[in-house]
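Participant: Here it is, the structure, as structure tokens.
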Amino acid sequence: MAGSIRKVSAASARAHTRKKTHADSFFLPRGMIKKLSVVLFIGLVAWSYQAIQPTPPKICGSPDGPPVTSSRIKLKDGRHLAYTETGVPKEKAKYKIVFIHGFNCCKFDVIPISPALLEELGIYLLSFDRAGYGESDPHPKMTEKSTALDIEELADKLELGSKFYIIGFSMGGEIGWTCLKFIPHRLAGAAIVAPVANYWWRGFPSNLSKEAYNQQFLQDKWAVGIAHYAPWLTYWWNTQKLFPGSSVISQRVDGFSAEDLKLFPKFAARGYQAQIRQQGEFESIHRDMMVNFGHWDFSPLELDNPFPNNEGSVHLWHGAEDLIVPVILSRYISQKLPWVHYHELPDAGHLFPLADGMSDAIVKALLLGDH
């Protein structure tokens, strides 16, 4: 027997149809969904691009930039380098030293040689703002070679003569290696003090560079790794608020050794800190990271002795308790380069040049051969 047939009234059918049509109205046509997805993707890309773009620099001397208050020279590429001079006049000097400052520093962070020693030995001391720092113009095309060539041109403009000494501290110490590579003929000697090392330099055993890399805070592993592998993200990484950026930029106190903490007030009490990054953080500290942790065309471990006839000397200084820059890489470099005079200080941290008498000892070793 056939089942009963349910009768549906016309009104009920219309109501059912209307309900279904009303529900369907919440869904967009496929073509429109694709267009909307494309628009959203483009918007996300545009937002991401804007997020990683640094703030335009404020060039010293430009209408909206900081004023020029220091002595400066104009380089052949049109950039300016700011500098300061101490010690005896260069016309009377027996020794002429160019100091290379470190990361997040400027020309005023010069090694504190005592006035008595400057006068006794007849030392002229020149310190300058590296590109993008202080009152020196940024260098958009900066490489590991650039600062060495800037130093050579600065020395020529100021008529320092055919040869001069260099002292580089921290990141400036790393740049000291580039001077030995690119302008060795201009050097009378070099002191490389607590130098930053690039973990990716050729010649480091992989287990050693990995050990040194892992001695950093996790946030610094990320910051340094990004500077090396994705330099275009360096500015964003160190300015975003989701994760901590470089501890060195933020001056995380527990990154300093016990001896450093005793010296830290001397470092922190600088009244000129606002001038250091005044032209923009990207052009100073971030570009510094990108270049000095980037892909270099040479490695310091490949250097030849610039003074084969002992007409000069190279001195490498490092504190065994340095928590900012691992000492194990400087130890290895000194083993691979036997012509480097290595001085390891057993209880010292990163800031040891600020300790009483330490800068004088560094200078005496460089100029007089004292050990």
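Participant: Want the number for GLU311 to LYS266: 0.36 nm per residue separation, take away the alpha-carbon distance, what's left? Present the calculation step by step, with values, prior to reporting the outcome.
Facilitator: Numbers: separation 45, 0.36 × 45 = 16.20 nm, distance 3.57 nm.
Length gained between GLU311 and LYS266: 12.6 nm.
Participant: Distances over 18 Å make up what percent of all Cα-Cα pairs in segment 169-241? Each step should come with its number before you reach the end.
Facilitator: On the way: 1411 of 2628 pairs.
Counting every Cα pair in segment 169-241, those more than 18 Å apart make up 54 percent.
Participant: Would you please name the trypsin sites (Lys or Arg not before Pro) within segment 188-262 that are DSSP coil residues with at most 15 other C-beta atoms within 10 Å of their C-beta?
Facilitator: Details: sites: ARG202, LYS210, LYS221, LYS241, ARG252, LYS262; in loops: ARG202, LYS241, ARG252.
When the trypsin sites (Lys or Arg not before Pro) of segment 188-262 are filtered for loop state and at most 15 Cβ neighbours within 10 Å, ARG202, LYS241, ARG252 remain.
Participant: Still on this structure, please answer the following. How big is segment 319-364 by the Kirkwood estimate over distinct Cα pairs, in Å?
Facilitator: Hydrodynamic radius (Kirkwood, Cα only) of segment 319-364 equals 11.4 Å.
Participant: Report the Cα-based extents of segment 294-371 along its three principal axes, largest first, to the nearest Å.
Facilitator: Principal extents (largest minus smallest coordinate, Cα): 34, 32, 20 Å.
Participant: Next question. What is the distance in Å between the Cα centres of segment 226-293 and segment 104-170?
Facilitator: If you average the Cα positions of each part, the centres end up 21 Å apart.
Participant: May I pose another question? Taking R0 as 22 Å, what FRET efficiency do you get between HIS295 and LYS58 from their Cβ-Cβ distance, rounded to the nearest 0.05?
Facilitator: 0.15
Participant: Just to be sure I understand the rule: take each whole DSSP H helix in the chain, project its Cα atoms onto its long axis, keep it if the span is 18 Å or more and its mean Kyte-Doolittle hydropathy is at least 0.5. Which ones pass?
Facilitator: Numbers: long enough: 10-24 (21 Å, -1.33); 30-52 (33 Å, 1.10).
Counting only whole DSSP H runs, the qualifying helices are 30-52.
Participant: Given the rule -39500 (n - 2.57) for each run of at least 4 DSSP H residues, summed and divided by the residues of the chain, what is its mean residue ellipticity at 222 nm, to the nearest 500 deg cm²/dmol? All intermediate terms of the calculation are to be shown ahead of the outcome.
Facilitator: Working: 14 runs with 141 residues, N = 371.
After summing the helix terms and dividing by residue count, I get -11000 deg cm²/dmol.
Participant: Which aspartates and glutamates, on any chain, are close to LYS262 with Cα under 13 Å apart, when same-chain ones fewer than 8 places away are left out?
Facilitator: Excluding near neighbours in sequence, the set is ASP254, ASP347, ASP356.
Participant: Ok, one more. Within the chain, what whole-number % of the accessible surface is contributed by carbon and sulfur, with the 1.4 Å probe and all protein chains included in the calculation?
Facilitator: Its accessible area is 58 percent carbon and sulfur atoms.
Participant: Rank-order 331-343, 289-301, 100-112 by packing density, defined as the average count of other C-beta atoms within 10 Å over each peptide's residues, highest first. List each step's numbers first, then the result.
Facilitator: Numbers: 331-343: 16.5, 289-301: 18.9, 100-112: 23.2.
Ranking, from highest mean packing down: 100-112, 289-301, 331-343.
Participant: Given a 1.4 angstrom probe, what's the average accessible area per residue across the chain, in square angstrom? Intermediate values should be presented prior to the final figure.
Facilitator: Details: 19040 Å² over 371 residues.
Counting only protein heavy atoms, the per-residue value for the chain is 51 Å².
Participant: Once you've got the Cα coordinates, tell me which of LYS210/LYS364; LYS107/LYS181; LYS76/LYS181; LYS141/LYS336; LYS107/LYS141; LYS157/LYS336 are over 25 Å apart.
Facilitator: Numbers: LYS210/LYS364 35 Å; LYS107/LYS181 23 Å; LYS76/LYS181 21 Å; LYS141/LYS336 31 Å; LYS107/LYS141 21 Å; LYS157/LYS336 36 Å.
Over 25 Å apart, Cα to Cα: LYS210/LYS364; LYS141/LYS336; LYS157/LYS336.
Participant: Taking only the Cα atoms of segment 119-238, how large is their convex hull per residue, in Å³? Please list the in-between numbers first.
Facilitator: Details: hull volume 18.3 nm³, N = 120.
Per-residue hull volume (Cα only) is 153 Å³.
Participant: Test of understanding: extend the Cα→C-beta vector of ASP347 to 7 Å, then name every residue of segment 305-340 with backbone N under 20 Å from that spot.
Facilitator: In segment 305-340, the label zone of ASP347 (backbone N under 20 Å from the point 7 Å along Cα→Cβ) covers 317-324, 327.
Participant: If you average 1/r over every pair of different alpha-carbon atoms in the chain and take one over that average, what Kirkwood value in Å do you get?
Facilitator: Values: mean 1/r = 0.0430 Å⁻¹.
Evaluated on the chain, it is 23.2 Å.
The values are calculated or read from the model by the stated rules, or taken from the named source; none is laboratory data. Note that this is a predicted model, so its numbers are computed, not measured. FYI the Cβ positions are ideal-geometry reconstructions off the backbone, even for glycines, and counts take in every protein chain you see. Side chains are part of the model used for accessible areas, which takes the heavy atoms of the whole protein and leaves out ligands, DNA and RNA. Shrake-Rupley method; radii C 1.70, N 1.55, O 1.52, S 1.80 Å.
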